[in-house]
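The values are calculated or read from the model by the stated rules, or taken from the named source; none is laboratory data. All values reported here derive from a predicted model rather than from experimental measurement. Methodologically, a virtual Cβ is constructed for each residue, glycine included, from the backbone with ideal geometry; neighbour enumeration extends over all protein chains shown. Side chains are part of the model used for accessible areas, which takes the heavy atoms of the whole protein and leaves out ligands, DNA and RNA. Shrake-Rupley method; radii C 1.70, N 1.55, O 1.52, S 1.80 Å.
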Amino acid sequence: MNISRAQFLAMAASLPVLLAACGRDAADAEPVPFQPDAGTDAATTTPTTQGGSDVGVFNFDTRTVMLNSGYALPLNGLGTYSLHGEECVSSVRAAIDAGVRLFDTASAYGNEEEVGQAVRAAIDEGVVTREELFVTTKIYPGSEMADPEPAIQACIDRLDIGYVDLMLLHHPDRNDVLAYQAMERFVDAGAIRSVGLSNWYVEELTDFLPWVETPPALVQNEIHPYYQENDVIPFIQERGIVVQGWYPLGGRGHTAELLGDPVIAEVAAAHGVPPAQAILRWNLQKGVVVIPGSSNPDHIRENDELYHFSLTGEEMGRIDALDRGEKHDWY
């Protein structure tokens, strides 16, 4: 869609009304909804055209999916939400030694330094190269998004691994567009490779996406058999954005129940695999990248062994039927 200068000025004049409709305060928001240049085909700005036709396609041979930013993301990794101190360092190292190449951290987790320490040690020892690893971090609502540049730089400095593969906004916030645009500038500078969102659902995405130029490469939400987000996942994927699930095994206080579910147990037994592997494989076959957390080296290795079997359509349907719409965390 091409727009004239007159149309653009009319939209700018109506900005306070648009902001009010979107729940944003005109006094706080500098950005205006992104529009293509007058000589640009609008189709070239959509996520599905960026990075080629393989964007969003899970490749179980390479165990990666191509992001719309042009970078390959491992299909499974390690979530570090509850890991701190030496436990975090040793868990990340155990994961690297087991073949895990994707790691998820955040400013709010308070463990970026430990994740970076483990990554640097593995690189220094020649176990992996930096290019083989994919590290995600996040900035948090409130003061970090209100003044995003120092917060973003602090994440980069704490990790100290050269560049960040993916940076996310941890939750929606009144300053989320401002913070996202700051992340885009760090991408331009080469300090961040891809940007995305965490805990954004259909309503939040519908509100947010028109305001930014760079489409999110990934959206990360709670997803597991008891909370499947069957409306949200296709909404995201249809826009050329990869979906990643946190709490894929149910999360704190719920993992034992999910692993012990009779349907999960039967599906796992049919393939001679632990229940956790059956759940994680179900996620992958739905097109959801998984980042289960663990400090147990055996579980970390087990959670990486997902490519020697596949679930049948009937088995996928049985697990699909377990959906309770039961969210296990507030966000």
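Candidates in segment 192-203 are the residues that are touching a helix residue (DSSP H, G or I) at 6+ places or on another chain (Cβ under 9 Å) and assigned to a loop (DSSP other than H, G, I, E, B); of these, the one that is most open to solvent (accessible area, probe 1.4 Å) is Tyr201. Can you pull out every residue in segment 231-269 that is more than 21 Å from Gly196 (Cβ to Cβ) and either touching a residue at least 24 places away in the same chain (Cβ under 8 Å) or of a type in the set (D, E, K, R) (or both)? Passing the criteria: Leu249, Gly250, Arg252, Gly253, His254, Glu257, Leu258, Asp261, Val263, Ile264, Glu266, Val267. Quick test for you: out of Gly293, Gly287, pick the one residue that is open to solvent by 40 Å² or more (accessible area, probe 1.4 Å), closer than 27 Å to Phe134 by Cα, touching a Phe, Trp or Tyr at 6+ places or on another chain (Cβ under 8 Å) and in contact (Cβ under 8 Å) with a residue 12 or more places away in the chain. So the residue among Gly293, Gly287 that is open to solvent by 40 Å² or more (accessible area, probe 1.4 Å), closer than 27 Å to Phe134 by Cα, touching a Phe, Trp or Tyr at 6+ places or on another chain (Cβ under 8 Å) and in contact (Cβ under 8 Å) with a residue 12 or more places away in the chain is Gly293.
Here segment 213-229 is the region considered, the condition is being part of a loop (DSSP other than H, G, I, E, B) and either aromatic (Phe, Trp, Tyr) or open to solvent by 10 Å² or more (accessible area, probe 1.4 Å) (or both), and the residue that is nearest to Val242 (Cα to Cα) is Pro215. Consider segment 310-324 and keep the residues that are in contact (Cβ under 8 Å) with a residue 40 or more places away in the chain and part of a helix (DSSP H, G or I). The one that is nearest to Asp261 (Cα to Cα) is Ile319. Go through (1) open to solvent by 40 Å² or more (accessible area, probe 1.4 Å); (2) under 17 Å from the mean Cα position of the chain (by Cα) and name the single condition Thr206 misses. Only one criterion is unmet by Thr206, namely (2). Evaluate the following for Gly99: is it buried (at least 20 other Cβ atoms within 10 Å of the Cβ), of a type outside the set (A, V, I, L, M) and touching a residue at least 40 places away in the same chain (Cβ under 8 Å)? Spelling it out, it is not the case that Gly99 is buried (at least 20 other Cβ atoms within 10 Å of the Cβ), of a type outside the set (A, V, I, L, M) and touching a residue at least 40 places away in the same chain (Cβ under 8 Å). Quick check on Ile233: is it more than 17 Å from Thr136 (Cβ to Cβ), open to solvent by less than 40 Å² (accessible area, probe 1.4 Å) and in contact with a Lys or Arg (Cβ under 8 Å, 6 or more places away or on another chain)? Against the criterion (more than 17 Å from Thr136 (Cβ to Cβ), open to solvent by less than 40 Å² (accessible area, probe 1.4 Å) and in contact with a Lys or Arg (Cβ under 8 Å, 6 or more places away or on another chain)), Ile233 qualifies.
The rows are residues; the columns are (1) out of contact with any Pro (no Cβ under 6 Å at 6 or more places or on another chain); (2) open to solvent by 20 Å² or more (accessible area, probe 1.4 Å); (3) among the aliphatic types (A, V, I, L, M); (4) within 30 Å of Arg318 (Cβ to Cβ).
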residue	(1), (2), (3), (4)
Tyr140	yes, yes, no, no
Pro150	yes, yes, no, no
Val164	yes, no, yes, no
Ala179	no, no, yes, no
Gly190	yes, yes, no, no
Leu249	no, yes, yes, yes
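For the residues Ile291, Ile319, Ile241, the requirement of being within 17 Å of the chain's Cα centre (by Cα) and farther than 29 Å from Asp97 by Cα singles out Ile241. Of all residues in segment 89-109, those that are over 22 Å from Leu218 (Cα atoms) and outside any helix (DSSP H, G or I) total 1.
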